[in-house]
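Worksheet for the structure shown next.
The values are calculated or read from the model by the stated rules, or taken from the named source; none is laboratory data. Everything numeric in this text was worked out from a predicted model, so none of it was measured. Glycine also receives a Cβ, built like all others from the backbone with ideal geometry; neighbour counts cover every protein chain displayed. Ligands, DNA and RNA are excluded from the accessible area calculation, which covers all protein heavy atoms including side chains. Shrake-Rupley method; radii C 1.70, N 1.55, O 1.52, S 1.80 Å.
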Amino acid sequence: MTNNKTVLVTGGAGGIGSAICRKFAEAGYAVIITYNGNLEKAEKLCNSLVGEGHSVFHAPVNDAKRLSELSSFIESEYGKLDVLVNNAGITTPVAHDDLDGLSDEWIDRIFEINVRGTFAMIRACKALLLKSKDALVVNISSVAAISGVGSNVAYCASKAAIDSITRSLARALAPNIRVVSVSPGWVLGEYTKNIDPQYLKMQIDKTPLGRLAIAEDVANTVFVLTTHLTFTTGSIIPVDGGRLL
């Protein structure tokens with residue numbers, strides 16, 4: 001069990017986010033869950049976590065005022081931050097050849113949340129992370145950053161930008177803060193419930209390990225960065241069952 005360790009998971013009440021929160025809570029971390037629109041869901045998750053010291057905070061990643069207030073809250077309640085997991089993100093399905101279907105508004109929104117939001121959260125938490133003896137930032141990316149295959153063109157580009165942020169800040173914030181991208185492929189959950197089962201079967205058939213990821217696969221990868229992969233920074237770690245092969 002870990003004593004007096006803290007983790008902040010943005011968008012923590014989603015499928016991947018909630019698995020990450022549970023993993024860290026089971027290891028003794030105090031978990032801070034941020035949310036944008038669904039307080040009830042975030043509080044339900046928080047109340048279900050083992051251990052104590054967990055909290056919920058409304059902090060949209062594109063709201064600089066709320067991020068500043070979040071930083072002050074963590075400083076007051078916890079004193080430091082050991083792990084920041086940038087999990088919050090948005091997308092919408094648009095065929096890649098439908099250039100008119102991907103509106104300027106959606107492009108701006110995707111980059112505002114996925115890219116600017118990731119950077120803004122790291123910036124807001126930097127001073128808190130520097131108070132940790134082994135600070136870690138994990139950016140949840142996607143293999144779409146490399147494959148160019150994803151829900152829309154802007155989403156793929158936003159994940160590539162996140163990986164670039166990971167590399168830049170891993171260098172800039174070393175040696176005090178490590179920065180790593182965890183890059184899932186298809187992850188079974190709420191999003192895949194709306195996908196044609198035959199299409200999902202095609203994805204499984206193209207995956208060397210013969211299945212799609214579950215949220216716990218991603219959570220385990222994030223957590224192992226705090227326990228065993230402690231000499232890793234600036235890396236992009238795929239969780240895709242070899243799909244890119």
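Assorted remarks:
- Residues being crowded, with 16+ Cβ neighbours inside 10 Å, modelled with pLDDT under 95, under 25 Å from residue 25 (Cα atoms) and of a type in the set (A, V, I, L, M, F, W, C) are represented in the range 188-210 by at least one member.
- Within the range 148-180, being part of a helix (DSSP H, G or I) and within 17 Å of residue 90 (Cα to Cα) holds for 153, 154, 155, 156, 157, 158, 159, 160, 161, 162, 163.
- Of all the listed residues (145, 213), the sole one being closer than 18 Å to residue 92 by Cβ and open to solvent by less than 50 Å² (accessible area, probe 1.4 Å) is 145.
- Failed item in (1) out of contact with any Lys or Arg (no Cβ under 9 Å at 6 or more places or on another chain); (2) open to solvent by 20 Å² or more (accessible area, probe 1.4 Å); (3) not in a helix (DSSP H, G or I), with residue 116 passing the rest: (3)
- Within the range 28-59, tally of residues that are of a type in the set (A, V, I, L, M, F, W, C), in contact with a helix residue (DSSP H, G or I) (Cβ under 7 Å, 6 or more places away or on another chain) and either without any contact (Cβ under 8 Å) to a residue 12 or more places away in the chain or closer than 18 Å to residue 80 by Cβ (or both): 5
- If you go through the range 151-174 and pick out every residue that is closer than 21 Å to residue 186 by Cβ and open to solvent by 30 Å² or more (accessible area, probe 1.4 Å), you end up with 4.
- Counted residues, the range 1-12 - those being open to solvent by 20 Å² or more (accessible area, probe 1.4 Å) and in contact with a Ser or Thr (Cβ under 9 Å, 6 or more places away or on another chain): 3
- Restricting attention to the range 122-160, the residues being touching a residue at least 60 places away in the same chain (Cβ under 8 Å) and in contact with a Gly (Cβ under 6 Å, 6 or more places away or on another chain) number 1.
- Residue within the range 82-90 that is over 18 Å from the mean Cα position of the chain (by Cα) and either open to solvent by less than 40 Å² (accessible area, probe 1.4 Å) or at pLDDT 95 or above (or both) present: no
- Residue list for the range 60-72, restricted to those being open to solvent by 30 Å² or more (accessible area, probe 1.4 Å) and either over 19 Å from residue 129 (Cα atoms) or without any contact (Cβ under 8 Å) to a residue 24 or more places away in the chain (or both): 62, 63, 65, 66, 69, 72
- When residues of the range 14-59 are limited to those that are basic (Lys, Arg) and more than 15 Å from residue 216 (Cβ to Cβ), the one least open to solvent (accessible area, probe 1.4 Å): 41
- First in the range 187-204 and closer than 18 Å to residue 144 by Cα, second anywhere and part of a helix (DSSP H, G or I) and β-branched (Val, Ile, Thr), Cβ under 8 Å, 6 or more apart: 187/16; 187/218; 189/16; 200/192
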